[in-house]
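**Q** Mind looking over this structure? Questions follow.
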Amino acid sequence: MTAPAWDPSQPLLEIENLSISFFTRLREIPAVMDFSCTVMAGEAMGLVGESGCGKSTVALAVMRDLGKTGRIVGGRIRFKGRDLVTMGDAELRGIRGAEIAMIYQEPMASLNPGMKVGAQLAEVPMIHQGMARDAAMTLARQIVADVKLPDPDRILRSYPHQLSGGQQQRIVIAMALMAKPALLILDEPTTALDVTVEAGIVDLVRELGEKYGTSMLFISHNLGLVLEVCDRLCVMYSGEAVETGPVSEVFAKMRHPYTQALFRSIPLPGADKTSRPLVAIPGNFPLPHERPPGCNFGPRCGYFETGRCDAAEVPMALVPGGDRHGTRCVKWAEIDWAAPPAAAKQGEKTPVGDVVLRMEDLRKYYRVSGGAFGGGAEKVVKANETLSFEAREGETLAIVGESGCGKSTFAKVLMGLETATSGKIVLYNQDIQDIPIEKRGVDTVSSVQMVFQNPFDTLNPSMTVGRQIIRALEIFGEGRSDEERRNRMLELLDLVKLPRQFAERMPRQLSGGQKQRVGIARAFAGGAKVVVADEPVSALDVSVQAAVTDLLMDIQRKNKTTLLFISHDLSIVRYLSDRVMVMYLGHVVELGTTDQVFAPPYHPYTEALLSAVPVADITVEKKRIRLEGDIPSALNPPPGCPFQTRCRWKPQVAGGLCETEMPPVRDLAPGHHIKCHLPAEALNSMEPVIQIAAE
Amino acid sequence: MDPITWTGSLGPFLNPLFAALTAALAISVLAQILLSFFTGPGAEAQGDGTLAATRSPAEMAAAASRFLVLGLVAIAVLYGVQGFFSADPARQGIFGAMAVRFWPVWVALIATFALSIRFKGRLGLYGKLFDSPVGMAGFAIVMFWVFTAIFADTIATFNPLSQVSGMRNAVPGSFVRGQEGTIYLLGGDDLARDVFSRMVAGARRVLAIAPAATAFAFMVGITLGLPAGYFGGRFDTILSFFANLVLAFPVILLFYLLVTPEIRVTGIPIILAAVLFIFPVIFLCVLWNSRYFTDPKKRNLYVGITLAIGLWAYSGLAFNLDPLGVWSMEPNLLNVFVSVVFVNAPTVFRIVRGLTMDLKARDYVSAAQTRGEGPWYIMLWEILPNARGPLIVDFCLRIGYTTILLGTLGFFGLGVSPESPDWGSTINSGRGLLPILIMHPALVPALSLMSLVLGLNLLADGLREESLRD
C-alpha cells in the first residue's frame, strides 16, 4: 500500500463538486451541494457559515466519517492526488490520524478520561509508525512542550480531568500533531473556551502551522477568528459555498450579497445602537428540504430579482483580477458594492432616568465542605467580593467577564435564588438582599426578570409556547380571566415580533432565535423593570444575533427597562451598552461608561480582554497581548490582587504590592473606577488596543 | 376416538415444507455469521460520483434468511387460517381450532392497528410506534394478550375449574369423553381441567394485577423521587438509604414474610397498603394545586374531585371499608399487590431521582424559579413531563418484570388460591408431570408468560428507539 508520489506544488486537498446527503426514513436531505475548494500545502483554509450550513459535514466527509445515514452522492475529494471517496476502509485507517487529523469542539470529549495523557499521546505514533514506546513518549514530551504547556512531565502523568479546558484543547492539538499530519481539520476548536484562552489557542494554531508547514481546514462561525488564522476562506450558506477567495480580498471586496449582509450584521468597532445600528438579515435560514429554486439566499437577499435569481442553479463565477476569488451570484457584476447600507432606522437614545437598582458592597461566599464525611477543612469560595454599582432606568449596564468571574452568582443573588452573605441590594428603595424569592412579593419578582443564554434550554420542551407565556402571566397575577391572559399573551408575541400562530407551537418547532424571542416575551410578561440578560445572543447565529439584540433595544426604549447585559463578547458590549463593568474572580476591576472602558487608561485585565476578542475587520489594528496561564480557581485565589498571576504590568508596581495587598478602588475620571495598584504614569502611558487604520 | 392433529388437513403438505424451510434457515443464518468475518463494505462509490452496490455473500445470506423467515410465518398463518374454512375439528387441526376460538382477538387487533396506522401522524409517541417494526411486533403481542384477557369468557372452551372424568393428563387435541364434539385443545392437566381454558383465564388474572401494581409503584417512586432529586441533601440521603435497604433485601424472603399468616395477623400488609395506596391521592392533589393555585375555583374543583374519588377508593382498597362495596380487594390479592408495589417502588424512585437531578439544571427550570414558582410546580409540571420518555420505556419493561414476579409468586403458591388459573400456579402444578414426560400442562403457561414479557420488552425497545428520534 505505497502511496503514489505526490508533487508538493499540486493541491494537498482538492474537493470537486462534492455533494453529500443524509438519508432519513422520510426523505433524502441534501446537506452539501456542489462544493469545491482547494487547499495547497501549508495553506490555512477557513470554512465560515451559520449553523446548519454544512461546514462540519464537509469536514466529516474529508475524514469519510459521515455515519450510517450520510453518503457522498457526487463529486470527488482528492488528498495528495488519491481519491478519498472510493478508498477502502483499510487504506482510510492509514490516512486518518496519520495524514489527516481532526480537532473537535469539546476537548474533554476527544480525550479518553481513563488514560493518562502521555499514554494517549504515545499511542498515535505507536499505531501509525510502529514506534517503540520509549521513543513515542520522548516525542510526546517534545510535542507537549511545543504546544506551550508548562511542566510537560507532570502533564504527561496526569489524567485529562486534572487539566483545565484550555490545557485539554492543547493536548488534543498535540495529539493531532503527534503523527505530523499534512492536513489538520479544526472544527470550532475554541468555541467551548473563554476568550483569553481562545486567543492563546489561536496563536498556537497559527504558529504551529508555520512551524510544521501543516495545511489547515479551519471551521468557524466567527469571522474574526478566521481573519486571524486563515489565508483563504470559503463562506457557506445552506449547503453551498457562496464565496471563496483570499481572506484579505473577501473581507475588503466581498462579492456576494450574503457575505456583505453577514458583515453588516456583526458589531464591528464603529457600530453604535443609535447612530449606526446593525442590519439584521431578514427571514430565516431555509430548511434543507425546503430550499428555494435558484439562489438559496434569494428570499433573504436585498438584490433579489425575480426571473433571474430564482431561474436556475447559480454556478460559481470567478471574479476577474482576484486570486481564485469566486462568487455564486448571478448579479455580482451589476451590484454597486461600495454603496453604503440603506439607512437603517435610527433609534433614539433612551433617556437615562433615576437609580432603579443599587448594590452596596455585596458579598456572596459559598462554604464547601472538605470531605465526604464532613472531615477536612471547610473551604470558602468567594464568588462575589465588594460589588458596588448602581443602574438607572432605561440604562444598559454590561457585565463583562470570563467563566468563574462571579457574574452568574451575582445574577442569582439579584434574582433571589440565593441570599447575599453581606452588603445591600436596593431595588426601588427596598432592601432585597436577604429576601429569598419565595418570600418576595409578586411585584418584586415580576419586576426583576431574566433572559437565559441557551435558546435550546430556555423553554420547556413539552409545553406549547402560548401556555408558557400564559403561565408567567398567571404567576404574576396579570389579567383577570383566562380570556384576558390569552389576549395579553398574543400581544406579547406581537411585541417580540413573532406571528400569533406560534402560540400553539411546541418549542421544538421553533428556531434558536425564535425560542430566544419567546424567552424575552416571557421575561417581560409582568412588565419587568430590570432584566438580567445572561449572554442572550451568544448561542445564536450571527445573522440572528443582530435581530435579537435590536429587539431587546426596542423593548428597552418602549418600556424604559434597565438592562443588565452579561456577556464575554466585547464587540456586542461596545455596541449596545451605556456603561460597562468588568469582573475578574468575583471582583469588579473596572467600571465606567463604554467610552471610558474601551479607551486607555485600562485596567490590565480589560486591556488583555480587548486584545483577545477577534475582530472581523482588516482595517483594525490590534495590539497583541496574551495572558499566560488560566484563570485561578475561586477556591484558591491568589493573595493580593486577583489578577496578579497573569498581569503583564506587575513589574511596574513598586515593592511587590500586587502580591500582598488588595488594590483599592480608584476614581480615574467621574464615574470611572478601577481596582489597580498601577501608578498614574503607567496608566497614562497605555496605548489603545484597537485602532482603526486610516483609510 | 384419536386426538386431532396439530396441523389438520394441510399438515401432510405443509409439515415437510416447514421442516425444510427451518433447516434452510438454520444453514443461512450460520452462513451469514461465518461469511461476515471475511467481507468488507457493500457499497462502493464510482469515479463518476454514482454508487454501485455489490452484494457480498454475507448480505446474500442475510437476504435468504429474511425470505425464509417470511416463508415460515406464512406457513404458520396458513395453519391458523385453515381453521376458518372447515367446521370439522379433525380438518382444522389444533392450531386452526385455536385460531377460530380467538376470533374476537383478531377482530380487535385488526381494528386497533387499522385505526392507529390511519391516524398515526396525530398520535404523538404512540403513533410513532407504528414506524418501528420491532415496536409494532411488541405492541401486537401485548395487545393479543390484553384482548385475550378482555374476551376470556368468549374464548375459553370450558370453565377453568371444571374437571371432566377421564381427561386427566389428556394429550392436546383429545375429544372430551361424554361430551360429543368438544375437545381439550391443549390437553388436560393432572386434575383433568382444560389447559387451554386455564391459559386464557390466567391471562385475565395476570393482566389485572401486573399493570395496576406497576402503576402504583410508579406513583410512589415518582412522588418520592422528584423531591429527593430536586432538593437533594439530607432528605435525599435518607430516602435513598431506605430505597437501597429494600433493594438489598432478598425479594423471595420478603414475599414469604409478607404472606405468612403470623405476619398477616400483625397487620403489617394492611399498614403497608395504607402507606402505599395514599401516594396516588397525594400525587394528584399536589399536581392540581401547584398548577391551579392562582385560580382557586378551578383548583378546588379538581382537588375536590380527586379527594372524593381517591379517598373512596382508598378506604375500599386498603381497609376494605368501602360503604358502597364498589372498591375491595380480597386479602390474598392485597398481599400480592402490596408486595409487588413495595419491591418495585425503590427502583422507580432511583430512576426518577436521577432524571430529576439531570433536568433540574436546565434553563427552563431556572426560568420557573426566577418567576417565583413553587418547588412542586417545577417538579411536576416542568421536570416530570420532560422525563416521560425513559419513564414510559421503564414502565413497559417493569410490567414484564412484574408479570414474571407474579409468576414466581404463583409458582411458590404464595398469596393466591391453589386452584387459581394464573400462569405461575399452573406452571407449578404442571411441574410434577415433567418427570413422566407430560409437558403440556407446564409448557403452555410458560410459553404464554414468555411471549407476554417478550412482547413488553419489544414494545419498550420500539418506544425507546422512536422516542430518541425526532
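Since every read-out is calculated from the coordinates, none of them should be taken as a lab result. The structure presented is a predicted model; accordingly, all values stated were derived computationally and were not measured. Note that each Cβ is placed from the backbone with ideal geometry, even for glycine, and that neighbours are counted across all protein chains shown.
**Q** Taking beta carbons within 10 Å but only from partner chains, what does the mean come to for residues A:466-475?
**A** 3
**Q** What number comes out for the charge environment of A:Gln105, summing +1 per Lys or Arg and -1 per Asp or Glu over other residues with Cβ under 13 Å away?
**A** Values: positive: A:Lys55; negative: A:Glu106, A:Asp187, A:Glu188, A:Glu198.
Neighbour charge sum, excluding A:Gln105 itself: -3.
**Q** Let me ask something else about it. In the range A:522-580, if every C-alpha pair distance is counted and binned at 5 Å from zero, what percent goes to each bin?
**A** 4, 17, 32, 28, 15, 5, 0
**Q** By per-residue mean of other Cβ atoms within 10 Å, what is the highest-first order of A:515-521, A:541-547, B:9-15?
**A** Sorting A:515-521, A:541-547, B:9-15 by mean packing, highest first, produces A:515-521, A:541-547, B:9-15.
**Q** Given the options B:Asn244, B:Trp103, A:Pro269, identify the residue whose Cα lies farthest towards the positive end of the charge dipole of the protein assembly as shown (+1 on Cβ of Lys, Arg; -1 on Cβ of Asp, Glu).
**A** Farthest towards the positive end: B:Trp103.
**Q** May I ask for the net charge around A:Val413, where only other residues with Cβ less than 12 Å from the Cβ of A:Val413 are counted and Lys, Arg are +1 while Asp, Glu are -1?
**A** Once positives and negatives cancel, what remains is +3.
**Q** Just tell me, in residue order, which DSSP H segments of chain A are both 15 angstrom or longer along the helix axis (alpha-carbon based) and at least -0.5 in mean Kyte-Doolittle hydropathy. Walk me through the numbers on the way to the answer.
**A** On the way: long enough: A:117-128 (18 Å, 0.83); A:133-146 (19 Å, 0.10); A:165-177 (18 Å, 0.52); A:195-212 (25 Å, 0.31); A:465-475 (16 Å, 0.63); A:482-495 (20 Å, -1.24); A:512-523 (17 Å, -0.73); A:542-559 (26 Å, 0.16).
Within chain A the helices that satisfy the rule are A:117-128, A:133-146, A:165-177, A:195-212, A:465-475, A:542-559.
**Q** If chain A were replaced by its equivalent ellipsoid, with semi-axes equal to the square roots of 5 times the Cα gyration tensor eigenvalues, what would those be, largest first, whole Å?
**A** Computed over chain A, the values are 42, 34, 25 Å.
**Q** Expressed as a rounded percentage, what relative contact order does the range B:199-307 have, with Cα pairs under 8 Å and six or more residues apart?
**A** Once divided by the residue count of the range B:199-307, the mean separation gives 25 percent.
**Q** Turning to a different aspect of this structure: Could you grab the Rg to Rh ratio for the protein assembly as shown? Cα atoms only, Kirkwood for Rh.
**A** Ratio value, two decimals: 1.02.
**Q** Can you list, largest first and rounded to whole Å, the semi-axes you get for the range A:475-606 by taking the square root of 5 times each eigenvalue of its Cα gyration tensor?
**A** Listed largest to smallest, the semi-axes of the range A:475-606 are 33, 16, 12 Å.
**Q** Then there's this: Quick one: plug the Kirkwood hydrodynamic radius of the range B:197-271 (C-alpha pairs) into Stokes-Einstein at 20 °C, 1.002 mPa s, and report D in µm²/s.
**A** Values: Rh = 15.2 Å.
D, rounded to a whole number, is 141 µm²/s.
**Q** Relative contact order for chain A using alpha-carbon pairs under 8 Å, separation at least 6, rounded to a whole percent? Mind showing how you got there, number by number?
**A** Details: 1372 pairs, mean separation 81.8, N = 695.
About 12 percent, as a whole number.
**Q** Based solely on its DSSP helices, what 222 nm [θ] is calculated for the protein assembly as shown when runs of n ≥ 4 H residues each add -39,500 (n - 2.57) and the sum is averaged over all residues, nearest 500 deg cm²/dmol?
**A** -14500 deg cm²/dmol
**Q** List the trypsin sites (Lys or Arg not before Pro) within the range A:14-84 that DSSP assigns to loop and that have no more than 13 neighbouring Cβ atoms inside 10 Å.
**A** Those satisfying the criteria are A:Arg25, A:Arg27, A:Lys68.
**Q** How shielded is A:448-460 by partner chains, expressed as the average number of their Cβ atoms within 10 Å of its Cβ atoms?
**A** On the way: counts 2, 3, 6, 2, 6, 1, 3, 1, 2, 7, 5, 4, 11.
Mean shielding count: 4.
**Q** Further question on the same structure: Based only on other Cβ atoms within 10 Å, what is the fewest-to-most ordering of A:Thr306, A:Thr409, A:Thr419?
**A** Fewest-to-most Cβ neighbours within 10 Å comes out as A:Thr306, A:Thr419, A:Thr409.
**Q** Note down the relative contact order for chain B as a percent, whole number, built from C-alpha pairs under 8 angstrom at least six residues apart.
**A** 18 percent
**Q** Where the only charges are on Cβ atoms (+1 Lys, Arg; -1 Asp, Glu), what is the dipole of the protein assembly as shown about its Cα centre, to the nearest 20 debye? Write down the numbers at each step before the final one.
**A** Details: 106 positive and 109 negative charges, 388 e Å.
The dipole of the protein assembly as shown has a size of about 1860 debye.
**Q** Please state, rounded to one decimal and in Å, the Kirkwood hydrodynamic radius that the range A:563-608 gives when every pair of distinct Cα atoms enters the mean of 1/r.
**A** Final number for the Kirkwood radius of the range A:563-608 is 10.8 Å.
**Q** Sticking with this one: Bin width 5 Å, alpha-carbon pairs only: give the P(r) of the range B:168-304 as whole percents, running from 0 to the bin holding the largest distance.
**A** Reading upward from the zero bin: 2, 8, 9, 11, 13, 11, 10, 9, 8, 6, 5, 4, 3, 1, 0.
**Q** Next up: Enter the mean projected area of the convex hull around the alpha-carbon atoms of the range A:1-117, in nm², rounded to one decimal.
**A** Numbers: hull surface 37.7 nm².
So the Cα hull casts an average projection of 9.4 nm².
**Q** So, one more: For the range A:547-683, would you read off the P(r) tail past 17 Å as a percentage of all alpha carbon pairs?
**A** Numbers: 5953 of 9316 pairs.
Every Cα pair in the range A:547-683 considered, those over 17 Å come to 64 percent.
**Q** Could I ask something else about it? Sort B:262-268, A:206-212, A:442-448 by the packing proxy (mean of other Cβ within 10 Å over each peptide's residues), most packed first.
**A** A:442-448, A:206-212, B:262-268
**Q** Work out the length of the dipole vector of chain A about its Cα centre, built from +1 on the beta-carbon of each Lys and Arg and -1 on the beta-carbon of each Asp and Glu, and round it to the nearest 20 debye.
**A** Numbers: 76 positive and 82 negative charges, 223 e Å.
Dipole magnitude for chain A comes out near 1080 debye.
**Q** For the protein assembly as shown, with the dipole built from +1 on Lys and Arg beta-carbon atoms and -1 on Asp and Glu ones, taken about the Cα centre, which of A:Met102, B:Ile392, B:Leu78 lies farthest toward the positive end?
**A** Selected residue: B:Leu78.
**Q** Along the three principal axes, how long is the range A:250-369 when you take its alpha carbons, biggest first, rounded to the nearest angstrom?
**A** 64, 43, 31
**Q** Can you give me the pair-distance distribution of the range B:373-470, C-alpha pairs, 10 Å bins, whole percents?
**A** Histogram of Cα-Cα distances, whole percents per bin: 15, 30, 23, 17, 10, 3, 1.
**Q** Additional query: Go through A:Val597, A:Leu357, A:Met581 and say which Cα lies farthest out towards the positive end of the charge dipole of chain A; charges sit on Cβ, +1 for Lys and Arg, -1 for Asp and Glu.
**A** A:Leu357
**Q** Next question, about the same structure. What distance in nm separates the two pseudo spin-label positions at B:Ile117 and A:Glu305, each 7 Å out from Cα along the beta-carbon direction?
**A** If labels sit at B:Ile117 and A:Glu305, their model points lie 5.3 nm apart.
**Q** Starting from one equal scatterer on each C-alpha and no solvent at all, send me the Debye-based log10 I(q)/I(0) for the range B:103-203 at q = 0.11, 0.12, 0.23, 0.25 Å⁻¹, two decimals.
**A** Debye curve over Cα of the range B:103-203, log10 I(q)/I(0) at q = 0.11, 0.12, 0.23, 0.25 Å⁻¹: -0.47, -0.52, -1.08, -1.20.
**Q** Over what distance in Å are the Cα centres of the range A:262-291 and the range A:15-37 separated?
**A** 27 Å
**Q** Want the number for B:Ile282 to B:Met60: 0.36 nm per residue separation, take away the alpha-carbon distance, what's left?
**A** 74.0 nm
**Q** How would the range B:61-126 be classified by its alpha-carbon gyration tensor: rounded, prolate or oblate, with rounded meaning a/c under 1.5 and the a/b versus b/c comparison settling the rest?
**A** oblate
**Q** Can you list which of the DSSP-assigned H helices in chain B have a Cα extent of 30 Å or more along the long axis and an average Kyte-Doolittle score of at least 0.5?
**A** Details: long enough: B:11-35 (35 Å, 1.76); B:57-81 (36 Å, 1.65); B:195-231 (53 Å, 1.26); B:268-292 (37 Å, 2.02); B:296-319 (32 Å, 0.54); B:331-359 (40 Å, 1.12); B:388-411 (33 Å, 1.07); B:440-468 (42 Å, 0.88).
Counting only whole DSSP H runs, the qualifying helices are B:11-35, B:57-81, B:195-231, B:268-292, B:296-319, B:331-359, B:388-411, B:440-468.
**Q** Using the alpha-carbon centroid of each, what span in Å lies between the range B:393-408 and the range A:542-574?
**A** When both Cα centres are located, 54 Å separates them.
**Q** Here is a follow-up. Near A:Lys253, which lysines are there with a Cα under 19 Å away, not counting those fewer than 8 places off in the same chain?
**A** Reachable lysines: A:Lys331.
**Q** Still on this structure, I have one more. Measuring from the lowest to the highest alpha carbon on each principal axis, how far does the range A:455-495 reach, largest first, in angstroms?
**A** 31, 20, 14
**Q** How much net charge surrounds A:Pro536 when only the other residues with a Cβ under 13 Å from the Cβ of A:Pro536 are counted, with Lys and Arg +1 and Asp and Glu -1?
**A** Taking every other residue near A:Pro536 into account, the sum is -3.
**Q** Distances longer than 42 Å among the Cα atoms of chain B: what percent of all pairs is that?
**A** Result: 31 percent of Cα pairs exceed 42 Å.
**Q** Compute and list, largest first, the equivalent-ellipsoid semi-axes of the range B:249-339 from the alpha carbon gyration tensor, each √(5λ) rounded to a whole angstrom.
**A** So the three semi-axes of the range B:249-339 are 32, 15, 8 Å.
**Q** About the Cα centre, and with charges only on the beta carbon of Lys, Arg (+1) and Asp, Glu (-1), how big is the dipole of the range A:603-658? Nearest 20 debye, please.
**A** Computed about the Cα centre, the dipole is about 140 debye.
**Q** Right, here's the next one. Provide, for q = 0.18 Å⁻¹, the log10 of I(q)/I(0) from a solvent-free Debye sum over equal Cα point scatterers in the range A:481-532.
**A** Log-scaled intensity ratios, in q order: -0.58.
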